[in-house]
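A.B. asks: This structure is in C-alpha cells; I'll ask about it shortly.
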Amino acid sequence: MRSKSVRSFVKTCLTKAEELIAKKETDAAKEAVVKAVSALDRAATKGVIHPNKAARHKSRLMKKLDQAVKSEAAVAAPKPRRRRKKAAGSTKTSKTSKQA
C-alpha cells in the first residue's frame, strides 16, 4: 500500500511532463521534467521501482525534452540566407570566343 502511492505519483509526474512536452510548452515542461526525475529517483531509492527502470524513464524523458527545445529553437531562429557566389568569368561568352 505504501509503494502504491509512490508509484502513482511517479506516473502522474511522467504523464504531466510528457503532455507539456507534446504541447511545446518548454518552460513549464522543464520544471515538470525536474519534478519527474526527482520522483523517479525517490522511488528507486525506496525500492518501489528498479533503478534501471528509473534511469530508462529519465533518459527517454530528457531525450524528448531536448528534441522539443531544439525544434522550438529552430522555428524561432530562421536560417540566414546564403548569397550565391558568381561563377568566375560569368560574363556572356559566345561560341566564337571559345574556339579562338
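The values are calculated or read from the model by the stated rules, or taken from the named source; none is laboratory data. Bear in mind that the values here come from a model prediction, so they are computed numbers and not experimental data. Positions of Cβ are generated from backbone atoms using ideal geometry, with glycine treated the same way; all protein chains shown enter the neighbour counts.
A.B. asks: Please indicate, with yes or no, whether at least one residue in the range 45-54 is in contact with a Leu (Cβ under 7 Å, 6 or more places away or on another chain), at pLDDT 90 or above and either in a helix (DSSP H, G or I) or surrounded by fewer than 10 Cβ atoms within 10 Å (Cβ to Cβ) (or both).
C.D. replies: Among the residues of the range 45-54, at least one is in contact with a Leu (Cβ under 7 Å, 6 or more places away or on another chain), at pLDDT 90 or above and either in a helix (DSSP H, G or I) or surrounded by fewer than 10 Cβ atoms within 10 Å (Cβ to Cβ) (or both), which makes the answer yes.
A.B. asks: Moving on to the next point. In the range 1-18, what residues are among the hydroxyl-bearing types (Ser, Thr, Tyr), under 16 Å from ALA54 (Cβ atoms) and over 21 Å from the mean Cα position of the chain (by Cα)?
C.D. replies: Once the filter is applied, which keeps residues that are among the hydroxyl-bearing types (Ser, Thr, Tyr), under 16 Å from ALA54 (Cβ atoms) and over 21 Å from the mean Cα position of the chain (by Cα), the range 1-18 yields SER3, SER8.
A.B. asks: I need the full set of residues from the range 1-23 which are more than 16 Å from GLY47 (Cα to Cα) and in contact with a helix residue (DSSP H, G or I) (Cβ under 6 Å, 6 or more places away or on another chain), in order please. Step through it out loud before you land on a result.
C.D. replies: Initially, the range 1-23 is screened for residues more than 16 Å from GLY47 (Cα to Cα), giving 12-23.
Passing the criteria: CYS13, LEU14, LYS16, ALA17, LEU20, ILE21.
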